[in-house]
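The values are calculated or read from the model by the stated rules, or taken from the named source; none is laboratory data. This structure is a prediction, so every number in the text was calculated from the model and none was measured. Cβ placement follows ideal geometry from the backbone for every residue including glycine, while neighbour counts extend to all protein chains displayed. Remember, those area values only see protein heavy atoms, side chains included, never the ligands or the DNA or RNA. Shrake-Rupley method; radii C 1.70, N 1.55, O 1.52, S 1.80 Å.
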Amino acid sequence: MNEIGLKADNFSIADLGLANVDMAYWNLYPSELIEDCIMLNQANLTDNGALAIDTGEFTGRSPKDKFVVYDENTKDSVWWGDVNNRFEADKFETLHQRMLAYLGNKEIWVRDAYACADPTYRINIRVVNEYPWSNLFAYNLFLRPTAEEIKTFKHDWTILNVPGFKADPKIDGTRQHNFAVISFTKKLILIGGTGYTGEIKKSIFAVLNYILPHEKKVLSMHCSANIGKDGDTAIFFGLSGTGKTTLSADPNRKLIGDDEHGWSDNGVFNFEGGCYAKCVDLTKEKEPQIFNAIKFGSLLENIEYYDGTTTVDFANISKTENTRVSYPAHFIDNAVTPAVGDIPKNIFFLTCDAFGVLPPISKLTTGQAMYHFISGYTAKVAGTEMGVTEPTTTFSACFGKAFLPLHPTKYAELLGEKLKKHKVNVWLLNTGWVGGSYGVGSRIKLSYTRALITAALTGELDKAEFGKTPYFGLNFPKTCKDVPSEILEPQNAWKDKEGFKAKAQNLAAQFVKNFEQYASAANEEILAAAPKVEVTA
């Protein structure tokens, strides 16, 4: 066994049960990892210097193959069910030993990193990778300790990432050959059978979604965050397609982070040290910050080239619509270092309402904020996903249901406590349709949405006269600078008043139906914020 690179004093790879590996490369620089990838014929360079790899069979996460070990520490605290599949402790140990044996006589790449930009909540992570490009991903996405810190580095959590190891469900207790299993007791994450790098990132997000709210009373959030010139922090929640990345990337504000954050008594802090952005149809005009970050050191996944070139064709989704790029945060010009901000003054829940029912912007009460946080609503429209021909509702609890180890009401109640304590404004921002549903009305112009956000951030909306929508009871401003007043009140923007009534009632009923799964654990304030559905004889 040989070990090369900068590592902690008095620590060996044998201490992780990997005494039989042929070579362990510790904390290599990105340039060294890129060279290893090319030498091993696992990747190539694009014309802009980025490293391009294929993740193989899996080009996205596999939620049904994500497990949590069921033991004394988790049996009564984890939200068991479709999101958190139960995994037996003895099976976990067997799987771990089989993965260690698989790595015998192989080369591995090890990365010391950490999560949480606020040192109070920092967790140290040791990532063991079968492939060098997975290690480059870990370098890009997690926070990076200094050389001096590495010498005395002690890990809290270990990630064992072995894409080439395929589980045997009969032996290992998995559903199929790929898996991601978290043991909160052993502080160990096992990932195998899949090369998709997002499993590495999201496994730590799931860990923090458990530790921070459950043990520290810190709200973990699937959101982006930025800071204004006056130091005011804003948070943006939203599912895919709602504009979260676009709207938080404001040239007049500095970026804290684009995906995962914590909210403590000290303020907001990024969990990560980098970004993992979607690349489909990427252009310099639409997303200049992301486009310019694709250079030497960034990692492209599952892209295609223009014929006969090494120039990326971002419109080509023949491998997957989920083409991705990862890069360290300092590749973004206006990123904040360290990635922390004050207590937020404004929070935006982004939704693309394809039914044209919700106002372009509305101010939520605390009860409504908790209710809509748990609901996590948006709508998919034709063309965004295969098989979608009509608008369809999508609900994802806390805007990130797939990553919640605890019941959604735990996060919502913690949010409510913080909103009341700090008197934070919460805005429901509809980036979807007005004047009619998809196919009849029109999508709200991005310039109007930006004007509404600016008015909320500057406090101008607080001075406006507010009205209230039927069914959902949402308080909306009747006027806003640079936004036509006729679109601010949804029912008035519709020519077909009966059509609006039908769509609004239908959407309200879908909210109520979706919330039934959470209602038994929700408090009265949350339940009272539900939309009202008319009962017809």
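Beyond a 20 Å Cα-Cα separation, which of these cross-linked pairs lie in this structure: LYS421/LYS463; LYS445/LYS503; LYS216/LYS410; LYS497/LYS532? Exceeds cut-off: LYS421/LYS463; LYS445/LYS503. Using a cutoff of 8 angstrom between alpha carbon atoms and counting only pairs six or more residues apart, the relative contact order for the chain works out to 13 percent. Applied to the range 464-479, the Karplus parametrisation 6.51 cos²θ - 1.76 cosθ + 1.60 on θ = phi - 60° returns per-residue 3J(HN,Hα) values of 6, 7, 10, x, 10, 7, x, 6, 8, x, 8, 8, 10, x, 7, 9 Hz, with x for Gly and Pro. Converting phi to 3J(HN,Hα) with the Karplus coefficients 6.51, -1.76 and 1.60 and the offset θ = phi - 60°, the range 445-452 yields 5, 4, 5, 5, 4, 5, 5, 5 Hz in sequence order, with x at every glycine or proline.
For the chain, the per residue solvent-accessible surface stands at 41 Å², with DNA, RNA and ligands left out and a 1.4 Å probe. For GLY441, the residues whose modelled amide H falls within less than 5 Å of its own, excluding neighbours fewer than 5 places apart on the same chain, are GLY436. With just the Cα atoms defining each centre, how far is the range 195-231 from the range 269-331? Give it in Å. Between the Cα centre of the range 195-231 and that of the range 269-331, the gap is 22 Å.
Close amide H pairs (under 5 Å, H built 1.01 Å from N) link VAL268 with GLY341, ASP342, ILE343, residues at least 5 positions away or on another chain. Around the amide H of CYS480, modelled in the peptide plane, lies no amide H under 5 Å away from a residue 5 or more places distant or on another chain.
Around PHE395, under 12 Å between beta carbons, what's the net of Lys plus Arg minus Asp minus Glu among the other residues? Could you put the intermediate results ahead of the total?
On the way: positive: LYS380, LYS401, LYS513; negative: GLU516.
Local net charge: +2.
Report the local net charge at ALA502: Lys and Arg +1, Asp and Glu -1, summed over other residues whose C-beta lies under 13 Å from its C-beta.
On the way: positive: LYS497, LYS501, LYS503; negative: ASP496, GLU498, GLU534.
Net charge around ALA502: 0.
With both residues required to sit in the chain, DSSP beta bridges show an antiparallel share near 55%.
If you take the C-alpha gyration tensor of the range 435-537, multiply each eigenvalue by 5 and take the square root, what semi-axes do you get, largest first, in whole Å?
Numbers: eigenvalues 144, 77, 30 Å².
Value: 27, 20, 12 Å, ordered largest first.
From the P(r) of the range 246-293, can you give the percent of Cα pairs sitting at distances over 12 Å?
On the way: 772 of 1128 pairs.
Value for the range 246-293 (Cα pairs over 12 Å): 68 percent.
Measuring nothing but alpha carbons in the range 318-475 and taking Rh as the Kirkwood radius, the Rg to Rh ratio lands at 0.98. The mean sequence separation of alpha-carbon pairs under 8 Å and at least six residues apart, normalised by the residue count of the range 312-463, gives a relative contact order of 30 percent. Of all aspartates and glutamates in the structure, those lying under 12 Å Cα to Cα from LYS66, and not within fewer than 8 positions of it along the same chain, are ASP82, GLU199. The C-alpha atoms of the chain define a longest principal axis, and helix 89-102 lies at about 50 degrees to it.
Computed over the alpha carbons of the chain, Rg followed by Dmax gives 23.7, 77 Å. Taking a straight line from the alpha carbon of LYS154, these lysines sit under 19 Å away, with near neighbours fewer than eight places off in the same chain left out: LYS7, LYS186, LYS187.
In sequence order, the range 306-314 has phi-based couplings of 5, 3, x, 9, 10, 8, 6, 9, 5 Hz under the Karplus curve 6.51 cos²θ - 1.76 cosθ + 1.60, θ = phi - 60°, and Gly or Pro positions carry x. Note on the range 1-151: with neighbouring protein chains present and a 1.4 Å probe, carbon and sulfur make up 46 percent of its accessible heavy-atom surface.
Counting Lys and Arg as +1 and Asp and Glu as -1 over every other residue whose Cβ lies under 11 Å from the Cβ of GLY5, the net charge comes to -1.
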